[in-house]
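K.L.:
Encoded as C-alpha cells, here's the structure I'll be asking about.
The values are calculated or read from the model by the stated rules, or taken from the named source; none is laboratory data. Predicted, not measured: the structure shown is a model, and the values here were computed from it. Virtual Cβ from ideal backbone geometry, glycine too; neighbours counted across all protein chains shown.
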Amino acid sequence: MSRVAYHLARVVLVAVLGYALAAPFGLAQGQGDPLPRLEPGTHLGLVYADAAPEAKETLDAVYRRTVEAGVNSIALSFFWSALEPTPGQHDTALLEQYLAILDILNMKPYFVFQTIDTVKLALPADLLDSSGNLAQGRHFDDPAIIARFNALLDTIVPLLADHRGFFISVGNEIDVWLRSHPGEVQPFLNFIEAARAHVQELAPGMGVGATITYSGVRDRLPLVPQVLAASDAAAFTYYPLNDDFSVRDPAVVADDFAAMVAVAGGKPVLLQEVGYPSGYLPEPSNGSSVDKQKSFVENVFRALGEQPDIRFMSYFMLADWSTAECDMYTEYYGLAWPRFHEYLCSLGLYTTAGDPKPGFESFLAGVRRISQSRAG
C-alpha cells in the first residue's frame, strides 16, 4: 500500500548529519546489466517516518544502527504535483535536501514519481478535472502531458544521476488505479516508454519502470507483463494480506518472492515496499502478532538469500505511525475499515512510544548477513 509522498521520502534529518559510513562507495558497471548504476548484490532500505517527540532520540539512534549494519539505500517518493506546484515551475528544494543527506550516508536513492498513486492521480492540478481524473478528455500519452513530464525529467534526472540514483518509477502501484480505468492501460504503457526513452537520453543506464502491487502478480493481471515489457526492472510493493486486511501466514513469503521473480522474466526485481503488520498491541484483531511479524522478517531475509534477482528491498517501516496519521491515510484511501486502520497503524518494527517489537533484531541480523555477502 502506497504512502503519501513526504512520509515515504522521510529519512533521519537531524540525527544522521555528520555521520557517514567508513566504507567507500563506487559504481560497478555490470556488463549487460539493465541496472548498471546499482552494484551487484541485494541493497536494503528502511523507511523512517516521523517519530513521536518522546521517542525521537531512541528511534534516531536505532536508525543509525541499521545504517551501520548495512542499510544503504532509500525509496524517495514525490507527487508530480509537489515537484511542479505551478505549471512549468519546478520545486526541488526538499528533494535536494534529502539527496545531500544521502550523500553523507553513502545511501543510494530509488525514486518514485507519483503520477498514479494507488487509488488517485497526483498530476499537477491543471492537468486534472474537478473530480481528479485527466482533464479535457486527455490520456496519459497526450503530447501535452508527455511534454510536461519530460520537462520535469530534465530537472530531476540530472539531480538523481549526480546523487547515485539507480532507478526511477514513473507511477506508484499503478495496477490499482488502472483496474478501474482500463482505457488508460495502453496510454500509460506509452507514457512509461516515452519517459524511459527520455531518461536514457539524460542519464544512460538509469533504470525506468512503474511499480505494481503483489496483488497484480497474484491475480495474473494482463497489464503486469505489459508493464514489465516496458520497464528495465520489475518494481513491486509487497504486503501479504487477505482482502479483508487480515494477515496471511508468514510462510507464504518464499513462494510469493519466487512468483515475483518468475513474472519478471529475468529482469531485476526491486521491492519498493515490504511490510507486515503486528496488529494492535496487546490484542491484535487481524490475525497477526509480534511473533508473526518476526517470523515474516526472518522469512523475508531467507527468501532474499535464495533469490539473487532481487536487487533492492526497502522495509516499511521502522516505527508505527500515530493514530492521527493512520486516520489521515484511511481518509486518503477512502477505506474506513477497522482492519485497514490496524494494518496501517502496526507496520513498524518499533511502537510509536519507541519500544522494540521482536522483529527488529531479526531485521538487524538479516541486514548484517546481506551486507556481509555484498561485501564478499
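K.L.:
If you check I104, I145, I116, which single one turns out to be closer than 22 Å to D232 by Cβ and over 20 Å from the mean Cα position of the chain (by Cα)?
P.N.:
I145 is the lone residue from the list that is closer than 22 Å to D232 by Cβ and over 20 Å from the mean Cα position of the chain (by Cα).
K.L.:
Are any of the residues in the range 290-301 hydroxyl-bearing (S, T, Y), at pLDDT 95 or above and either within 20 Å of R179 (Cβ to Cβ) or not in a loop (DSSP other than H, G, I, E, B) (or both)? Quick ask: steps written out before the conclusion?
P.N.:
Of all residues in the range 290-301, those hydroxyl-bearing (S, T, Y) come to 295.
Of the ones still in play, those that are also at pLDDT 95 or above are 295.
Of the ones still in play, those that are also either within 20 Å of R179 (Cβ to Cβ) or not in a loop (DSSP other than H, G, I, E, B) (or both) are 295.
Yes.
K.L.:
Being on the phi > 0 side of the Ramachandran plot, small (G, A, S) and surrounded by 18 or more Cβ atoms within 10 Å (Cβ to Cβ) narrows it down to one of G266, G275, G216, G205, so name that one. Show your work before the answer.
P.N.:
Numbers: G266 fails: surrounded by 18 or more Cβ atoms within 10 Å (Cβ to Cβ); G275 fails: on the phi > 0 side of the Ramachandran plot; G216 fails: on the phi > 0 side of the Ramachandran plot.
One residue alone meets the criteria, G205.
K.L.:
Another one. All but one of (1) in contact with a helix residue (DSSP H, G or I) (Cβ under 6 Å, 6 or more places away or on another chain); (2) part of a helix (DSSP H, G or I); (3) crowded, with 18+ Cβ neighbours inside 10 Å hold for L304; state the number of the condition that does not hold.
P.N.:
Exception for L304: condition (1).
K.L.:
Something else about it: Regarding R37, is this residue buried (at least 22 other Cβ atoms within 10 Å of the Cβ) and either modelled with pLDDT under 95 or in a loop (DSSP other than H, G, I, E, B) (or both)?
P.N.:
no
K.L.:
Report yes if some residue within the range 310-319 is in a helix (DSSP H, G or I) and in contact (Cβ under 8 Å) with a residue 60 or more places away in the chain; otherwise report no.
P.N.:
No, every residue in the range 310-319 fails to be in a helix (DSSP H, G or I) and in contact (Cβ under 8 Å) with a residue 60 or more places away in the chain.
K.L.:
Hey, another quick one. Within the range 110-129, identify whether any single residue is modelled with pLDDT of 95 or more and more than 26 Å from L95 (Cα to Cα), and answer yes or no.
P.N.:
The initial filter retains those residues of the range 110-129 that are modelled with pLDDT of 95 or more, namely 110-129.
Keeping just the survivors that are more than 26 Å from L95 (Cα to Cα) gives 129.
Within the range 110-129, one or more residues are modelled with pLDDT of 95 or more and more than 26 Å from L95 (Cα to Cα).
K.L.:
Based on this model, can you work out whether F363 counts as over 30 Å from G132 (Cβ atoms), in contact with a helix residue (DSSP H, G or I) (Cβ under 6 Å, 6 or more places away or on another chain) and of a type in the set (A, V, I, L, M, F, W, C)?
P.N.:
So F363 fits the description; yes.
K.L.:
Then there's this: Scan the range 61-97 for residues that are under 27 Å from F301 (Cα atoms), crowded, with 18+ Cβ neighbours inside 10 Å and in contact (Cβ under 8 Å) with a residue 60 or more places away in the chain and report the count.
P.N.:
Result for the range 61-97: 12.
K.L.:
Which of the following residues is in contact with a strand residue (DSSP E or B) (Cβ under 8 Å, 6 or more places away or on another chain) and of a type in the set (A, V, I, L, M, F, W, C): M328, M313? Break it down stepwise before answering.
P.N.:
Working: M328 fails: in contact with a strand residue (DSSP E or B) (Cβ under 8 Å, 6 or more places away or on another chain).
One residue alone meets the criteria, M313.
K.L.:
Right, another one. Looking only at the range 327-376, count every residue that is assigned to a helix (DSSP H, G or I) and of a type outside the set (A, V, I, L, M, F, W, C) and tell me the total. If you could, list the steps in order and put the result at the bottom.
P.N.:
First, pick out the residues of the range 327-376 that are assigned to a helix (DSSP H, G or I): 327-333, 338-344, 359-375.
Now narrow it down to the ones that are of a type outside the set (A, V, I, L, M, F, W, C): 327, 329-333, 338-339, 341-343, 359, 361-362, 366, 368-369, 371-374.
Selection size over the range 327-376: 21.
K.L.:
Based on what the data block shows, is N106 modelled with pLDDT under 95 and surrounded by 15 or more Cβ atoms within 10 Å (Cβ to Cβ)?
P.N.:
yes
K.L.:
Find all pairs meeting these conditions: Cβ atoms under 8 angstrom apart; at least six residues apart or on different chains; first residue within the range 338-354 and more than 10 Å from P277 (Cα to Cα); second residue buried (at least 20 other Cβ atoms within 10 Å of the Cβ) and of a type in the set (V, I, T).
P.N.:
Y350/V62
K.L.:
Given (1) within 21 Å of the chain's Cα centre (by Cα); (2) part of a loop (DSSP other than H, G, I, E, B); (3) hydroxyl-bearing (S, T, Y), identify the lone condition not met by Y110.
P.N.:
The failed condition is (2).
K.L.:
Hey, can you tell me all the residues within the range 244-263 that are within 19 Å of the chain's Cα centre (by Cα) and of a type in the set (D, E)?
P.N.:
Once the filter is applied, which keeps residues that are within 19 Å of the chain's Cα centre (by Cα) and of a type in the set (D, E), the range 244-263 yields only D256.
K.L.:
Next question, about the same structure. Confirm whether R220 is modelled with pLDDT of 95 or more, in contact with a strand residue (DSSP E or B) (Cβ under 6 Å, 6 or more places away or on another chain), part of a loop (DSSP other than H, G, I, E, B) and not hydrophobic (A, V, I, L, M, F, W, C). Walk me through it before giving the result.
P.N.:
Working: modelled with pLDDT of 95 or more: yes; in contact with a strand residue (DSSP E or B) (Cβ under 6 Å, 6 or more places away or on another chain): no; part of a loop (DSSP other than H, G, I, E, B): yes; not hydrophobic (A, V, I, L, M, F, W, C): yes.
The answer is no for R220.
K.L.:
Does the range 51-59 include one or more residues that are part of a loop (DSSP other than H, G, I, E, B), modelled with pLDDT under 90 and surrounded by fewer than 22 Cβ atoms within 10 Å (Cβ to Cβ)?
P.N.:
So far as the range 51-59 goes, yes, one or more of its residues are part of a loop (DSSP other than H, G, I, E, B), modelled with pLDDT under 90 and surrounded by fewer than 22 Cβ atoms within 10 Å (Cβ to Cβ).
K.L.:
So A144 clears everything in (1) assigned to a helix (DSSP H, G or I); (2) touching a residue at least 24 places away in the same chain (Cβ under 8 Å) except one condition, right? Which one?
P.N.:
Failing condition for A144: (2).
K.L.:
Here is a follow-up. Can you list residue pairs whose Cβ atoms sit under 6 Å apart, with the first residue in the range 259-281 being under 16 Å from R311 (Cβ atoms) and the second being part of a loop (DSSP other than H, G, I, E, B) and among the hydrophobic types (A, V, I, L, M, F, W, C)? Count only pairs 6 or more apart in sequence or on different chains.
P.N.:
Listed pairs, sorted by first residue: K267/A233; P268/L35; P268/A233; L270/A233; E273/F316.
K.L.:
Something else now. Applying the selection to the range 227-279, what residues are in a loop (DSSP other than H, G, I, E, B) and among the hydrophobic types (A, V, I, L, M, F, W, C)?
P.N.:
Of the range 227-279, the ones in a loop (DSSP other than H, G, I, E, B) are 230-233, 239-240, 242-246, 248-249, 265-268, 275-279.
Those that are in a loop (DSSP other than H, G, I, E, B) and among the hydrophobic types (A, V, I, L, M, F, W, C): A230, A233, F245.
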